[in-house]
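S.K.: Just dropping this structure here.
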Amino acid sequence: MSRIGENLAEIRERMAAACKRAGRPLAEVELLAVSKTFSADAVRQAADFGQTRFAESRWQEAETKIAASPTGLEWHFIGRVQRNKVRKILAVCEVIHGIDSSRLANYVSDVAGDLGLVPRAFLQVNVGGEASKGGFELAELEEEMAGLLVLPHVQWLGLMTIPPAGPNPEAARHWFHELRSLRDRLETRHQTQLPFLSMGMSDDFEVAIEEGATHIRVGSAIFGARDDRNEDPSEA
Ligand SMILES: *Cc1c(COP(=O)(O)O)cnc(C)c1O
């Protein structure tokens, strides 16, 4: 078995164990393979082991890679969305995780309307209120949610976050819990459904699953260590 295949098998086992601890069905949690900085060949290897959902965070890199990858895969865009790339991203990616302002949300809805699409998307929340990270502040999202819900050409799946870096996976638990509580408040206050939570990466996906994650975004634990010199997840 290839290294990528072994890694995938191990992650699926750890996902199953975390679901069991949390009393959740495994089918509730989707594994997104984050292939950024890795080649279309790495994507193909993962696809050969049954991985169907992939995620990229930089459009320039994603565009060529997706074109060179096997067809029939589902692509998620998890990076910061540049306005001048929205049209192309919407044409290729099924789900956008990084809607980080009402201004961007409005723009995406307008472009989607032009294209005759209603993309599925997550609202990104800056749970730690970090200056270095994008996303809605908690109070800001509570204030702006009503306006977001009436946008005609976006289907909100739920909330996404990248928590502050911590000394160990347990440190992220608090932030995952915050995201879930915010989701619960928004659902009640706006009588709406935000069923999905995109949270958890290689180092903390098990804690995220215990706290209710439905989409975990796992890169290095599948594909290996990245050369992150030009790549900052907090930029995503
Ligand atoms: C890179 C990235 C990930 C994956 O990170 P790993 O630690 O390699 O699992 C997840 N989410 C976002 C937004 C990223 O940019």
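S.K.: Looking at (1) surrounded by 15 or more Cβ atoms within 10 Å (Cβ to Cβ); (2) within 13 Å of the ligand (Cβ to nearest atom); (3) more than 17 Å from the chain's Cα centre (by Cα), which one does Pro163 not meet, given that it meets all the others?
M.R.: Every condition holds for Pro163 apart from (3).
S.K.: Moving on to the next point. Which of the residues belonging to the range 121-160 are of a type in the set (Gly, Ala, Ser) and open to solvent by 20 Å² or more (accessible area, probe 1.4 Å)?
M.R.: Residues satisfying the conditions are Gly128, Gly129, Ala131, Ser132, Ala139, Ala146, Gly147.
S.K.: Could you pull out the residue among Glu6, Glu13 that is farther than 23 Å from Glu56 by Cα and either in a helix (DSSP H, G or I) or at pLDDT below 95 (or both)?
M.R.: Details: Glu6 fails: farther than 23 Å from Glu56 by Cα.
Result of the check over Glu6, Glu13: Glu13.
S.K.: Could you list, in sequence order, the residues of the range 30-57 that are more than 15 Å from the ligand (Cβ to nearest atom) and not in a helix (DSSP H, G or I)?
M.R.: Ser39, Phe49, Gly50, Thr52, listed by residue number.
S.K.: Right, another one. Tell me, please, whether a residue that is within 12 Å of the ligand (Cβ to nearest atom), open to solvent by 30 Å² or more (accessible area, probe 1.4 Å) and either touching a residue at least 40 places away in the same chain (Cβ under 8 Å) or part of a helix (DSSP H, G or I) (or both) can be found in the range 168-183.
M.R.: Scanning the range 168-183, I find at least one residue that is within 12 Å of the ligand (Cβ to nearest atom), open to solvent by 30 Å² or more (accessible area, probe 1.4 Å) and either touching a residue at least 40 places away in the same chain (Cβ under 8 Å) or part of a helix (DSSP H, G or I) (or both), so the answer is yes.
S.K.: Here is a check on your reading of the model: is Val111 surrounded by 21 or more Cβ atoms within 10 Å (Cβ to Cβ) and modelled with pLDDT of 95 or more?
M.R.: Criteria not met by Val111.
S.K.: Could you say which residue among Phe54, Phe49, Phe38 is over 21 Å from Arg87 (Cβ atoms) and either touching a Leu at 6+ places or on another chain (Cβ under 8 Å) or among the β-branched types (Val, Ile, Thr) (or both)?
M.R.: After ruling out the rest, the residue left standing is Phe49.
The values are calculated or read from the model by the stated rules, or taken from the named source; none is laboratory data. Bear in mind that the values here come from a model prediction, so they are computed numbers and not experimental data. Cβ: placed from backbone, ideal geometry, glycine included. Neighbour counts: every protein chain shown. For the accessible areas, the whole protein counts, side chains as well, though only heavy atoms, and no ligand, DNA or RNA atoms are used. Shrake-Rupley method; radii C 1.70, N 1.55, O 1.52, S 1.80 Å.
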